[in-house]
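The values are calculated or read from the model by the stated rules, or taken from the named source; none is laboratory data. The shown structure was predicted, so the numbers you read here are calculated from the model rather than taken from an experiment. Reconstructed Cβ throughout: ideal geometry from the backbone, glycine too, with neighbour counts over all protein chains shown. Surface accessibility is based on the protein's heavy atoms, side chains included, excluding ligands, DNA and RNA. Shrake-Rupley method; radii C 1.70, N 1.55, O 1.52, S 1.80 Å.
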Amino acid sequence: AGLQPGETVIDLGSGAGLDCFLSAQQVGPTGHVIGIDMTADMLALAEQNRAKVGATNVEFRRGVIEQLPVDDTSVDVIISNCVINLSPDKDAVFRESFRVLKPGGRLRVSDIVWTRTPTVAERDDLASWAGCIAGALEIDAYVSKLEMAGFADIETTLAEQPGERGWTSTYISARRP
């Protein structure tokens, strides 16, 4: 994500906090990292891990990524590792991300995307939902939704070729003008 000392970072779906702790090292003691997760169990685990690693510039907040518990224009960078595709309202996720980013702020996420139109059976497969696949967007739709939320300079890079399965991981970056 190209994190710089002093930046404020949000990790969407922070889980046990690993990406938060890695980010905290990069933004240094003058930076701040906020992990957002919706489950009390994961937040408790993240707090235990925070105490173990002694991260003083990290905090965890309970919330959903469609309604971020963060002030407007208060964040430099949003990161996420394969969580947005789990949201049933990705438009809200992108609007909220845009809302909390400062002008010039960056969105840097990895996510699953479809490189073809999935079948109805693929979309309805609950195991695929849990596996972060069924709820994924087609790559063009992902970019379009980011544009509709106001993002600019959107770039996508496939992590690997999708092959016959028709989906793959991708790295997505965008900027709030």
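A Förster distance of 30 Å, applied to the separation of the beta-carbon atoms of Ala152 and Thr30, puts the FRET efficiency at 0.65.
Note that region 86-98 has calculated 3J(HN,Hα) couplings of 7, 6, x, 10, 5, 4, 5, 4, 6, 5, 5, 4, 4 Hz, one per residue in order, obtained from phi through the Karplus relation 6.51 cos²θ - 1.76 cosθ + 1.60 (θ = phi - 60°); glycine and proline are x.
Once the Cα atoms are used to define both axes, helix 139-149 deviates from the longest principal axis of the chain by about 50 degrees.
Taking all protein chains together and rolling a 1.4 Å probe, Cys20 ends up with roughly 0 Å² accessible.
In sequence order, region 166-172 has phi-based couplings of x, 9, 7, 7, 9, 9, 10 Hz under the Karplus curve 6.51 cos²θ - 1.76 cosθ + 1.60, θ = phi - 60°, and Gly or Pro positions carry x.
Between Asp71 and Leu22, take the C-beta separation as r, use R0 = 25 Å, and let me know the FRET efficiency to the nearest 0.05. For Asp71 and Leu22, the calculated efficiency is 0.55. Of the GluC sites (Glu not before Pro) found in region 80-176, the ones in coil according to DSSP and having at most 15 other Cβ atoms within 10 Å of their Cβ are Glu160.
A Förster distance of 22 Å, applied to the separation of the beta-carbon atoms of Ala92 and Leu45, puts the FRET efficiency at 0.25. Distances between placed amide hydrogens fall under 5 Å for Ala159 paired with Ser169, Thr170, Tyr171, all partners being 5 or more residues away or on another chain.
Helix content alone sets the calculated 222 nm mean residue ellipticity of the chain: runs of n ≥ 4 DSSP H residues at -39500 (n - 2.57) each, divided across all residues, give -9000 deg cm²/dmol. The string of couplings for region 61-71 from the Karplus curve (6.51, -1.76, 1.60, θ = phi - 60°) is 10, 7, x, 10, 6, 8, 8, 5, x, 9, 5 Hz, one whole number per residue in order, with x for Gly and Pro. Going through [x] 0.97; [y] 0.95; [z] 1.11, the figure that equals Rg/Rh (Cα atoms, Kirkwood Rh) as computed for the structure here is [x].
Straight-line cross-link reach from Lys90 at under 18 Å between alpha-carbon atoms covers these aspartates and glutamates, not counting any fewer than eight positions away in the same chain: Asp11, Asp37, Glu66, Asp111, Asp124, Glu138, Asp140, Glu147, Glu155.
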